[in-house]
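Everything below concerns the one structure shown next.
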Amino acid sequence: MIQRIQTVYLLLAGIVLGVSAVMECGTLWVSVIMAILAVISLADIFLWKQRPTQALVCLVPMAVVIGYYVMLAVRQPLLTWYMALPLVAVLLLFLARKAILKDEKLVRSLDRIR
């Protein structure tokens with residue numbers, strides 16, 4: 001489980017979202033949402049036996065963070081450095097999803113050979 005690169009990506013995304021929840025100086029609900037997304041990203045690591053489900057769960061934090069940035073662009077165009085942390089998490093989640101789908105494709109091709 002830990003030797004897979006997507007596990008490292010998901011772990012880093014969880015850490016970045018957790019730091020973002022702590023550093024968020026905006027409203028309390030944004031910090032709570034970022035903390036929940038961090039927990040979802042960390043819990044996604046343990047879905048390693050169900051790769052399609054793991055890939056779908058990666059989309060949830062990505063969609064919420066993208067929605068957060070759309071809302072933030074409407075309300076406050078000026079960004080600080082710690083507001084870019086969720087964007088880093090989206091990049092890490094994208095890389096994790098890409099690696100998960102790559103593993104799923106490899107497993108399916110090996111099943112086809114048998």
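The values are calculated or read from the model by the stated rules, or taken from the named source; none is laboratory data. Note that the structure is a prediction, hence the values are computed from the model and not measured. Cβ placement follows ideal geometry from the backbone for every residue including glycine, while neighbour counts extend to all protein chains displayed.
Just a few scattered comments:
- When region 47-70 is limited to residues that are without any contact (Cβ under 8 Å) to a residue 12 or more places away in the chain, more than 10 Å from the chain's Cα centre (by Cα) and assigned to a helix (DSSP H, G or I), the one that is nearest to M34 (Cα to Cα) turns out to be G67.
- Among the residues examined, R97 qualifies as part of a helix (DSSP H, G or I), surrounded by 16 or more Cβ atoms within 10 Å (Cβ to Cβ) and basic (K, R).
- Considered as a group, the residues in region 16-32 that are of a type outside the set (G, A, S) and either buried (at least 20 other Cβ atoms within 10 Å of the Cβ) or at pLDDT 95 or above (or both) include one that is farthest from the chain's Cα centre (by Cα), and that residue is E24.
- Taken over region 69-103, the criterion of being charged (D, E, K, R) and modelled with pLDDT under 90 is satisfied by R75 alone.
- Here A73, A38, A43 are screened, and the one residue that is crowded, with 20+ Cβ neighbours inside 10 Å and either assigned to a helix (DSSP H, G or I) or of a type outside the set (D, E, K, R) (or both) is A38.
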